[in-house]
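Following this message is one structure expressed as structure tokens.
The values are calculated or read from the model by the stated rules, or taken from the named source; none is laboratory data. All values reported here derive from a predicted model rather than from experimental measurement. Methodologically, a virtual Cβ is constructed for each residue, glycine included, from the backbone with ideal geometry; neighbour enumeration extends over all protein chains shown. Surface accessibility is based on the protein's heavy atoms, side chains included, excluding ligands, DNA and RNA. Shrake-Rupley method; radii C 1.70, N 1.55, O 1.52, S 1.80 Å.
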Amino acid sequence: MLKENFEKVTALKNENLFIGLPKKYPKKMEKKLIKFFKKIKTVEKAYLLQMVQREIEISFLLVLQTSEFDNVAREVSNICSNTLSKDEVLNMVSFETELGKTVASDWSPFYIRK
């Protein structure tokens, strides 16, 4: 069952897409990302969740609020590549996208620039 993957879930209207907190939260990834974001002054907020598309495609979802999304996403890819197992996937979207705004309205960020 799909909901077994999540602690809490948000279903997006008209899409077969579910977003939630994974039961097995990637704490190692989160710790590395926080360390990196503290060095990068353009990252304002970050959200780390799990996304399930078409009930079979499971991935982590990282939503970034930053003025330099492409540059930050490239660096995040490098940082996270060794924290993911070979069958895990990390998708990143900008806070400015429809999906990013939906996530921000329903979830709390794991990182906020102070």
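Of the residues Ser85, Ser77, which single one is of a type outside the set (A, V, I, L, M), farther than 21 Å from Ser108 by Cα, without any contact (Cβ under 8 Å) to a residue 12 or more places away in the chain and open to solvent by 50 Å² or more (accessible area, probe 1.4 Å)? I'd like the intermediate steps shown before the answer.
Working: Ser77 fails: without any contact (Cβ under 8 Å) to a residue 12 or more places away in the chain.
Only one candidate qualifies: Ser85.
Related question: Looking at segment 75-114, which of the residues that are of a type in the set (A, V, I, L, M, F, W, C) and in a helix (DSSP H, G or I) is farthest from the chain's Cα centre (by Cα)?
Selected residue: Ile79.
When you scan segment 1-24, how many residues do you find that are within 20 Å of Ala104 (Cα to Cα) and either modelled with pLDDT of 90 or more or open to solvent by 100 Å² or more (accessible area, probe 1.4 Å) (or both)? Break it down stepwise before answering.
Residues of segment 1-24 that are within 20 Å of Ala104 (Cα to Cα), as a first pass: 6-23.
Filter once more, keeping what is either modelled with pLDDT of 90 or more or open to solvent by 100 Å² or more (accessible area, probe 1.4 Å) (or both): 7-8, 13-15, 23.
Result for segment 1-24: 6.
Every residue in segment 60-74 that is part of a strand (DSSP E or B) and open to solvent by 10 Å² or more (accessible area, probe 1.4 Å), please.
Going through segment 60-74, the residues part of a strand (DSSP E or B) turn out to be 60-66.
Passing the criteria: Phe60, Gln65, Thr66.
Let me ask another. Which count do you get for residues in segment 41-59 that are aromatic (Phe, Trp, Tyr) and open to solvent by 10 Å² or more (accessible area, probe 1.4 Å)?
0
Note down all Cβ pairs under 6 Å where the first residue falls in segment 103-114 and is within 10 Å of Glu44 (Cα to Cα), the second is assigned to a helix (DSSP H, G or I) and modelled with pLDDT of 95 or more, and they're at least six residues apart or on different chains.
Tyr111/Ile34; Tyr111/Phe37
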